[in-house]
Amino acid sequence: MMGGHLSLRAQIIGVTGLAMLCLQVTTVVLLLDERYFTSQIQRVDDALFHFTNVAVTLEETPDYLHDSVIQANTNNQQIFSLSVSPVLTAADDSGWSAAFEETYFDSLERTSFLTSAPIISIKRVSENLQKKSEKSWAQDVISIEAQMSQGNYLYAQFAQPPVSINLQWRLLGLLFVGLLSIAGLLLLMTVALTRPLNQLTRAARAFGLGQKAIFIKETGAADIRQAAAAFNLMQDKLVEALQNQKNTLAAIGHDLRTPLTSLRVRAETLPDSPKRDKIIAKIEELAAMLEAILRFAKLQSDPAALSKQPVRLTSLVSALCSDYQSSEKECSFKVNNEPPELFIDTLNMRRALGNIIDNGLFFGSKVTVTLDIAGSHATITVQDNGPGVPAEKLAQLTKPFFRTENSRNADSGGIGMGLALAKQIIELHHGEIHFQNMENGFHVTISLPTQ
């Protein structure tokens, strides 16, 4: 499949440009080939005309003058000779003999003798015909030989300069200009075509991050207009659905908090006993579960509810770790490189980091939080000395209500919402969270953009 990582614009320009390049190159090659063939026909015709003139002259002059005729027609550009045996054979024929056989005999109509058909050979050589000069250059040599009426063989060579490449350069120039023009037109066309798609992409990404819905102008080609209209309709429906969900959650939260509060009040009026303590603990567990679910659902339905402000991450993490000093378990903090201020929701980020640290301290006895910078991101690494998580369960850690063991008892690891809520908060800050088993414990790495 072509262009898995290429934009639509690049694919259109690439495919169309390649097709036009092949077409243009084919046209240039055919034109040059036709020009070369036509030029060679003219050259062979001229050489054959000169050859027949010399042949006629030799037939019409006495034998003792033949050498003079040969010498008079021999120079740096052409050579004539008479011999009793042929110089060329049928293997030397370049395929031109049959084409010019009729022309050859027409040129000899005024003579009273009949000769054999000529053998015509065309070869590329890199030397002067007379070899009297040290200079040499590539040239086409046309060799012609035919038998005279007296049995001798007349042989001639005609040096021709190569076919001029001026036309080739002009055609290549036109090819280059044509391709540039086509590329420019394609660029303008694809920009106009893909601009609505880019707007659609930005709007979809912004909406997915919880930003305000952006209305897409329904312009451009019919398909683009239909896609924009469908996207706008989808946004309206989703906004309406999210608002309904928000209203429903608010109602559910109110309806559930009221009876839980009432149960808590009644439970506290009971006489002190282990049973009373269990009832109160269970009510608190249900209340905590309700708050976690409502908090998760609220952020999911209303990501814009985050209240971001510039915060020094070092101060936030340091204060968070200091809250665990009174605990029996250890939470240490170190800074490798201090990042700049970040725009974050302090309350929710503390909640996310707190959930991760609590998780590490539950399964281990020690947690180390490290703050660093990696390129354009601030990284927070939470390392515990616990047993880690089975590799096959790493991808499920941030799913709501997922726990590494099947018990739903809060005493054995909570209700499974801590890491799900942490991941949600971090992603709403355009960050990422990763989990990794190490030899010395379990690592959670949080990456937050600094810009």
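The values are calculated or read from the model by the stated rules, or taken from the named source; none is laboratory data. As the structure is a computational prediction, the values presented were derived from the model and not from experiment. Heads up, the Cβs are rebuilt from the backbone with ideal geometry, glycines too, and the neighbour counts pull from every protein chain shown.
For region 276-292, indicate whether the set of residues that are closer than 30 Å to R205 by Cβ and in contact with a Phe, Trp or Tyr (Cβ under 7 Å, 6 or more places away or on another chain) is non-empty.
Taking every residue of region 276-292 in turn, none turns out to be closer than 30 Å to R205 by Cβ and in contact with a Phe, Trp or Tyr (Cβ under 7 Å, 6 or more places away or on another chain).
If a residue has to be modelled with pLDDT of 80 or more, touching a helix residue (DSSP H, G or I) at 6+ places or on another chain (Cβ under 6 Å) and of a type outside the set (A, V, I, L, M) to count, how many in region 142-187 make the cut?
1
Within region 200-216, how many residues are in a helix (DSSP H, G or I), touching a helix residue (DSSP H, G or I) at 6+ places or on another chain (Cβ under 8 Å) and at pLDDT 75 or above? Give the steps one after another, and end with the answer.
Within region 200-216, the first condition is being in a helix (DSSP H, G or I), and the residues that meet it are 200-208.
When the remaining residues are screened for being touching a helix residue (DSSP H, G or I) at 6+ places or on another chain (Cβ under 8 Å), the result is 200, 203-204, 207.
So of that shortlist, the ones also at pLDDT 75 or above come out as 200, 203-204.
Looking only at that region, the number is 3.
Conditions tested, residue by residue: (1) within 30 Å of F402 (Cα to Cα); (2) at pLDDT below 80; (3) in the same structural domain as T346 (by TED's automatic domain parsing).
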site: A228; (1), (2), (3): no, no, no
site: L270; (1), (2), (3): no, no, no
site: L290; (1), (2), (3): yes, yes, no
site: L320; (1), (2), (3): yes, no, yes
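Does E284 qualify as being outside any strand (DSSP E or B), assigned by TED's automatic domain parsing to the domain that holds A374, among the acidic types (D, E) and surrounded by fewer than 16 Cβ atoms within 10 Å (Cβ to Cβ)?
no
Within region 364-382, can you find the residues that are of a type outside the set (V, I, T), surrounded by 15 or more Cβ atoms within 10 Å (Cβ to Cβ) and touching a Ser or Thr at 6+ places or on another chain (Cβ under 8 Å)? Please lay out each step first, then the result.
If we filter region 364-382 for residues that are of a type outside the set (V, I, T), which is where we start, we get 364-366, 371-372, 374-378.
Of the ones still in play, those that are also surrounded by 15 or more Cβ atoms within 10 Å (Cβ to Cβ) are 364, 366, 371-372, 377-378.
K366, L371, D372, H377, A378, listed by residue number.
Scan region 433-445 residue by residue and report those that are over 29 Å from the mean Cα position of the chain (by Cα) and β-branched (V, I, T).
Initial filter on region 433-445 (over 29 Å from the mean Cα position of the chain (by Cα)): 435-445.
Selection gives V444, T445.
Evaluate region 311-329: report whether one residue or more is surrounded by 14 or more Cβ atoms within 10 Å (Cβ to Cβ) and acidic (D, E).
Within region 311-329, not a single residue is surrounded by 14 or more Cβ atoms within 10 Å (Cβ to Cβ) and acidic (D, E).
Among the residues that make up region 220-238, is at least one of them assigned to a loop (DSSP other than H, G, I, E, B) and either within 44 Å of the chain's Cα centre (by Cα) or of a type in the set (A, V, I, L, M, F, W, C) (or both)?
yes
Pick from S68, S97: which is modelled with pLDDT under 75 and assigned by TED's automatic domain parsing to the domain that holds S143? It would help to see each step written out before you state the result.
On the way: S68 fails: modelled with pLDDT under 75.
Only one candidate qualifies: S97.
Tell me yes or no: at least one residue of region 318-334 is in contact with an Asp or Glu (Cβ under 9 Å, 6 or more places away or on another chain) and not in a helix (DSSP H, G or I).
yes
When you check F362 against the structure, is it under 39 Å from the mean Cα position of the chain (by Cα) and either not assigned by TED's automatic domain parsing to the domain that holds E432 or not β-branched (V, I, T) (or both), yes or no?
no
Looking at this structure, is K246 touching a residue at least 24 places away in the same chain (Cβ under 8 Å) and either out of contact with any strand residue (DSSP E or B) (no Cβ under 9 Å at 6 or more places or on another chain) or more than 26 Å from G14 (Cα to Cα) (or both)?
So K246 passes the test.
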